[in-house]
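To keep things clear, I will list the structure first and then write my remarks on it.
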Amino acid sequence: MAMFPPALPHVLVECLTSPGDVVYDPFAGRGTSPFEACLRNRAGLGSDANPLAVVLTGAKVDPPTRTELQRRLNELSAEAQVASIAKEPAEIKMLFSRRTLGQLVWLKSELNLRRRADRFLMAVLLGSLHRNASVSGRPLGLTVAMPNTFAMSPGYVERYIEHHRLQPPAVDVFDFLKSKIDSVTLPDQPFKRGRAWRADASRSGRWPKHYDPAKLVVSSPPYLEVIKYGKYNWIRLWLLGMSPRGVDDALFASGSVPLYLEFMKRALSRTSEDMREDGIACFVIGDVLRGEYDLNLAERVADQCVPDDLRVMAIVADQIPLQHKVTRIWGDGRGDATRTDRLLILGARHARVRSLKPVRWELR
Ligand SMILES: C[S@@+](CC[C@H](N)C(=O)[O-])C[C@H]1O[C@@H](n2cnc3c(N)ncnc32)[C@H](O)[C@@H]1O
């Protein structure tokens, strides 16, 4: 959810940085910016207050080699056990076949997310845990068929399963992982590795060792509305051993303009500490429909939240075609929430921007 099109960081990374530079996203989400940076041999760094975002971003910017990954998967398959599922909550048990769940419970305790290969396997599981069904009706993920992007509430899923008499698929998790990793592209040349870590963007935090300050920040802060990333990801968070409510409590989510501006003020000031003297920060901030009017939030942030060590270089308005936005799945009303996205471009003391190429949103 709420991912921005890869074309945006692609263009910004290409135009505003050189190979070897550090690109940072303090609201990394699924890691679109840091990943685009790594694809262009820049160091992609990302932090987020949501542990799910940290695993996804970490897997993308610091992936294992294929040999490492295959070795680890073989090791896990050889040791694999089907753990007891007796203590798992009923809302989890209804989703999986007994054996699949037993394998997942065992993997949950075995995977060490500090290790590259383990983190990557976890990210693969998180990404394909619940998916739609094939045309023949066979679920494509590990649970009964449900939307890939977010999880409906447990009560809704329970009623849906009963109504449609759904049976969870009998999937061997290790065979599933093997077929998934056979189809992913892993780097076969050395490249500048990145990092992902958990941090609240509005509070002082650590910067990873051995990385210079950021030449470029490309980010999209939380929207001015209450989006419960934890709640909508309750199944993935179960796999990570985290509570959805605990995750939501750690995230900024509010529809209040004053609270949003206060949060952004702290976040911009914090981010500027991690930037080079010629660093540039680009924040995607969507207009918000308030009553009959569009509130130009980027302009408000530019007026009220920019710290002394940064200056406003530009606000670029862009109309992202609705068909390229994830919010389209909620229907037109929700898609309207950010019909015009604006790119707020801030520069540190010695920052210069020559020109930016037009962004082709359909670029993948
Ligand atoms: C609009 S999404 C970013 C999506 C990202 N650009 C992508 O392409 O996936 C906003 C992100 O901000 C994170 N977030 C919310 N409050 C936060 C906070 N206080 N500190 C850091 N991250 C936060 C959310 O977890 C979410 O991943």
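So here's what we get for this one:
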{"read-out": "Scope segment 34-64; condition under 12 Å from the mean Cα position of the chain (by Cα) and among the acidic types (Asp, Glu); matching residues", "value": "Asp48"}
{"read-out": "Members of segment 273-283 found to be closer than 24 Å to Met3 by Cβ, outside any loop (DSSP other than H, G, I, E, B) and out of contact with any helix residue (DSSP H, G or I) (no Cβ under 7 Å at 6 or more places or on another chain), listed by number", "value": "Met275, Gly279, Phe283"}
{"read-out": "Any hit, segment 218-232, residues being crowded, with 20+ Cβ neighbours inside 10 Å and either more than 16 Å from the ligand (Cβ to nearest atom) or in a strand (DSSP E or B) (or both)", "value": "yes"}
{"read-out": "Considering residues of segment 239-254 that are within 14 Å of the ligand (Cβ to nearest atom) and part of a loop (DSSP other than H, G, I, E, B) only, the residue surrounded by the most Cβ atoms within 10 Å (Cβ to Cβ)", "value": "Phe252"}
{"read-out": "Only one of Ala83, Ala53, Ala49 that is in contact with a helix residue (DSSP H, G or I) (Cβ under 6 Å, 6 or more places away or on another chain) and within 16 Å of the ligand (Cβ to nearest atom)", "value": "Ala49"}
{"read-out": "Of the criteria (1) at pLDDT 95 or above; (2) outside any loop (DSSP other than H, G, I, E, B); (3) under 28 Å from Lys228 (Cβ atoms); (4) within 16 Å of the ligand (Cβ to nearest atom), which one Cys38 fails", "value": "(3)"}
{"read-out": "Options Arg203, Arg236, Arg266: the member that is touching a His at 6+ places or on another chain (Cβ under 9 Å), within 13 Å of the ligand (Cβ to nearest atom) and charged (D, E, K, R)", "value": "Arg236"}
{"read-out": "Of residues in segment 288-324 being charged (D, E, K, R), touching an Asp or Glu at 6+ places or on another chain (Cβ under 9 Å) and modelled with pLDDT under 90, the one surrounded by the most Cβ atoms within 10 Å (Cβ to Cβ)", "value": "Asp294"}
{"read-out": "Exclusive hit being surrounded by fewer than 24 Cβ atoms within 10 Å (Cβ to Cβ), in a helix (DSSP H, G or I) and within 16 Å of the ligand (Cβ to nearest atom), set Leu76, Leu8", "value": "Leu8"}
{"read-out": "Ser77 in contact with a strand residue (DSSP E or B) (Cβ under 9 Å, 6 or more places away or on another chain) and of a type in the set (Ser, Thr, Tyr)", "value": "no"}
{"read-out": "Any pair with Cβ under 6 angstrom, 6 or more apart, that starts in segment 210-224 at a residue that is touching a residue at least 12 places away in the same chain (Cβ under 8 Å) and ends at one that is more than 6 Å from the ligand (Cβ to nearest atom) and basic (Lys, Arg)", "value": "Pro213/Arg276; Lys215/Arg276"}
{"read-out": "Listing of helices (runs of 4 or more DSSP H) fully contained in segment 92-187 that carry 2 or more residues being touching a Ser or Thr at 6+ places or on another chain (Cβ under 8 Å) and within 30 Å of Thr65 (Cα to Cα)", "value": "98-110, 173-183"}
{"read-out": "Residues (surrounded by 24 or more Cβ atoms within 10 Å (Cβ to Cβ) and assigned to a helix (DSSP H, G or I)) located in segment 45-54", "value": "Ala53"}
{"read-out": "Extreme residue, surrounded by the fewest Cβ atoms within 10 Å (Cβ to Cβ), among residues of segment 11-31 that are over 18 Å from Ile345 (Cα atoms) and within 14 Å of the ligand (Cβ to nearest atom)", "value": "Arg30"}
{"read-out": "Criterion: touching a residue at least 60 places away in the same chain (Cβ under 8 Å), within 11 Å of the ligand (Cβ to nearest atom) and over 20 Å from Asn50 (Cα atoms) - qualifying residue of Gly286, Gly279", "value": "Gly286"}
{"read-out": "Test: residue in segment 191-199 that is at pLDDT 95 or above, over 24 Å from Thr67 (Cβ atoms), within 16 Å of the ligand (Cβ to nearest atom) and small (Gly, Ala, Ser)", "value": "yes"}
{"read-out": "Matching option when the condition is closer than 22 Å to Trp197 by Cβ, surrounded by 21 or more Cβ atoms within 10 Å (Cβ to Cβ) and out of contact with any Lys or Arg (no Cβ under 9 Å at 6 or more places or on another chain), among Arg119, Arg42", "value": "Arg119"}
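The values are calculated or read from the model by the stated rules, or taken from the named source; none is laboratory data. Note that the coordinates shown come from a computational prediction; the quantities given were computed from them, not determined experimentally. Don't worry about glycine lacking a Cβ; one is built from the backbone with ideal geometry, like all the others, and counts go over all protein chains shown.
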